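Encoded as structure tokens, the structure appears first; notes follow it.
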Ligand SMILES: Cc1cc2nc3c(=O)[nH]c(=O)nc-3n(C[C@H](O)[C@H](O)[C@H](O)COP(=O)(O)OP(=O)(O)OC[C@H]3O[C@@H](n4cnc5c(N)ncnc54)[C@H](O)[C@@H]3O)c2cc1C
């Protein structure tokens, strides 16, 4: 017979919220006092421990969750170490009856869940995991032939046909908590110090559940109706910017989904993007090698080659291609980048500069506040042309034409590349084509105030296509 005074652990992972939290609801329904716990584990994820920008976000999100729990009479217990050892230790320390948590789908998280089930059973404790990170568990959506999907459109169609996600539920009232000794978050060193490259992040973001809800409310009030038209314009607040909140589970995808279920083109375009998030997780679940290995096997020998000079210029937003530089500087300053600009900057790296996509993926991993193993890897493979549902390799974004189309007035470029602000619109996306007099009047000397392009887009395209042609010939 179970002792109802024994606590149960509510192991927080990427589900840092109270509302619409199946594991919390189940822990509450068990009648046991709840001991909320977060473990900073820099061992189990191997090379995919959270990067610098993600750690900044995590610090603030944990603080927000701790406050929210304290407001309800509880607390968040913080431990650092290998998850399996820390949980086993805490079970011993507190006599907890078992663990409740939300499921995660990265290969190392799935291994960990399997190990925990066995380990806890050996301690006489239970391990109960619940959905909530996604709308659908990745194994739930299958083709008619009972196989996983590798193309987005049929996958999304199957999602729309599946049992719709349950409506979100508020956090239960009357939560009863238990406690244990906790480490202090300030001792974890999650925030950058010297230099503090994240100093601008707080102006852009409010990590935590409250911030997530506020972001959703603002998006629904001001942007969702124009989403279909504005979502590709980087100079406009046209998208939700919910990605870091969704990544750490500060808001559930079901909450976002049901809020977006209004009847307009903006809404359906928006929900489709939530579908892309599901798809990326589906791909990673069924192909655990996604972050490192091209999905298309024929790409495993593609002649990408690292060039650290070009790569550093790209990372620092000093390529001399304004739209690419604007994106890379937005990323550095805010920890986020607009989706279209992610595609354009990624394309410039892997195609114009021919640098391996995994090096770009790694930079994004370290600098994005929404860095997500599945979405990042799927995004890079899509751009590189080696994913199964990817843009074909020979579709090469021209950053000048993209700029003229999606940043017609140059607002976005001028914001992030202020040295170009006096350049007339006609040349803002290709300053190297401006007549010397125009450059002089705008106060720009190329090579001094702003770089000459490290790879001129037309030349980059020709080189990328030549490499592609040669690769195809040698493969056939
Ligand atoms: C090279 C590359 C790398 C990327 N890396 C990441 C990453 O690490 N983490 C991440 O969350 N997204 C990533 N994306 C996808 C996409 O760029 C971001 O999700 C989006 O820009 C987030 O902005 P938003 O919240 O305003 O999106 P919205 O347009 O408002 O979309 C709503 C939500 O849908 C999801 N979503 C939208 N587009 C995509 C997509 N293409 N793939 C997966 N989910 C999507 C996000 O959760 C997003 O918050 C990447 C895309 C590319 C091309």
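The values are calculated or read from the model by the stated rules, or taken from the named source; none is laboratory data. The model shown is predicted, which means the values in this text are computed figures rather than measured ones. Note: ideal-geometry Cβ built from the backbone for every residue, glycine included; neighbour counts use all protein chains shown.
Do any helices (runs of 4 or more DSSP H) entirely within region 369-423 hold 2 or more residues that are within 23 Å of residue 318 (Cα to Cα) and more than 9 Å from the ligand (Cβ to nearest atom), and if so, which? It would help to see each step written out before you state the result.
Numbers: elements: 373-384, 399-406, 411-416.
So the answer is 399-406, 411-416.
Going by the conditions given, is residue 312 surrounded by fewer than 20 Cβ atoms within 10 Å (Cβ to Cβ), free of Cβ contacts under 8 Å to residues at least 60 places away in the same chain and within 13 Å of the ligand (Cβ to nearest atom)? So residue 312 fails the test.
Please name all residue pairs, on different chains or six or more residues apart, with Cβ atoms under 8 Å, provided the first residue is in region 364-375 and is free of Cβ contacts under 8 Å to residues at least 60 places away in the same chain and within 11 Å of residue 336 (Cα to Cα) and the second residue is assigned to a loop (DSSP other than H, G, I, E, B) and near the ligand (Cβ under 7 Å from one of its atoms). Going by the 8 Å Cβ cut-off, the qualifying pairs are 364/371. Residues considered: 446, 439. Of these, the only one that is touching a residue at least 40 places away in the same chain (Cβ under 8 Å) and either in the same structural domain as residue 235 (by TED's automatic domain parsing) or farther than 30 Å from residue 294 by Cβ (or both) is 446. Say whether the condition of being near the ligand (Cβ under 8 Å from one of its atoms), part of a helix (DSSP H, G or I), surrounded by fewer than 23 Cβ atoms within 10 Å (Cβ to Cβ) and free of Cβ contacts under 8 Å to residues at least 60 places away in the same chain is met by at least one residue in region 345-355. So far as region 345-355 goes, no, none of its residues is near the ligand (Cβ under 8 Å from one of its atoms), part of a helix (DSSP H, G or I), surrounded by fewer than 23 Cβ atoms within 10 Å (Cβ to Cβ) and free of Cβ contacts under 8 Å to residues at least 60 places away in the same chain.
Results for (1) farther than 15 Å from residue 275 by Cβ; (2) modelled with pLDDT under 95; (3) assigned by TED's automatic domain parsing to the domain that holds residue 240, shown as yes or no for each residue.
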residue: 149; (1), (2), (3): no, no, yes
residue: 153; (1), (2), (3): no, no, yes
residue: 157; (1), (2), (3): no, no, yes
residue: 164; (1), (2), (3): no, yes, yes
residue: 178; (1), (2), (3): yes, no, no
residue: 182; (1), (2), (3): yes, no, no
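Looking at region 180-190, which of its residues are part of a loop (DSSP other than H, G, I, E, B) and under 15 Å from residue 42 (Cα atoms)? Result: 189, 190.
Matching residues to (1) modelled with pLDDT of 95 or more; (2) within 22 Å of the chain's Cα centre (by Cα); (3) under 25 Å from residue 197 (Cα atoms):
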{"residue": "5", "(1), (2), (3)": "no, no, no"}
{"residue": "12", "(1), (2), (3)": "yes, yes, no"}
{"residue": "40", "(1), (2), (3)": "yes, yes, yes"}
{"residue": "56", "(1), (2), (3)": "yes, yes, yes"}
{"residue": "63", "(1), (2), (3)": "yes, yes, yes"}
{"residue": "67", "(1), (2), (3)": "yes, no, no"}
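Filter region 126-139 down to the residues that are surrounded by 17 or more Cβ atoms within 10 Å (Cβ to Cβ) and part of a loop (DSSP other than H, G, I, E, B) and list them by number.
Filtering region 126-139 for residues surrounded by 17 or more Cβ atoms within 10 Å (Cβ to Cβ) gives 127, 129-136, 138.
Within region 126-139, 131, 132, 133, 134, 135, 136, 138 meet the criteria.
Taking the conditions exactly as written (in a loop (DSSP other than H, G, I, E, B), more than 26 Å from residue 427 (Cα to Cα) and away from the ligand (no atom under 11 Å from the Cβ)), does residue 291 satisfy them or not? Full working, then the answer.
Working: in a loop (DSSP other than H, G, I, E, B): yes; more than 26 Å from residue 427 (Cα to Cα): yes; away from the ligand (no atom under 11 Å from the Cβ): no.
Spelling it out, it is not the case that residue 291 is in a loop (DSSP other than H, G, I, E, B), more than 26 Å from residue 427 (Cα to Cα) and away from the ligand (no atom under 11 Å from the Cβ).
Checking 142, 92 one by one, the residue that is surrounded by fewer than 17 Cβ atoms within 10 Å (Cβ to Cβ), part of a loop (DSSP other than H, G, I, E, B) and without any contact (Cβ under 8 Å) to a residue 60 or more places away in the chain is 142 and no other. Selection of region 30-65 for residues being over 19 Å from residue 184 (Cβ atoms), assigned to a helix (DSSP H, G or I) and touching a residue at least 24 places away in the same chain (Cβ under 8 Å) yields 46, 48, 52, 53, 54.
Scanning region 20-43 for residues that are crowded, with 18+ Cβ neighbours inside 10 Å and under 28 Å from residue 368 (Cβ atoms) yields 20, 21, 22, 23, 24, 36, 37, 38, 39, 40, 41. The number of residues in region 66-89 being part of a loop (DSSP other than H, G, I, E, B), touching a helix residue (DSSP H, G or I) at 6+ places or on another chain (Cβ under 7 Å) and more than 21 Å from residue 176 (Cα to Cα) comes to 0.
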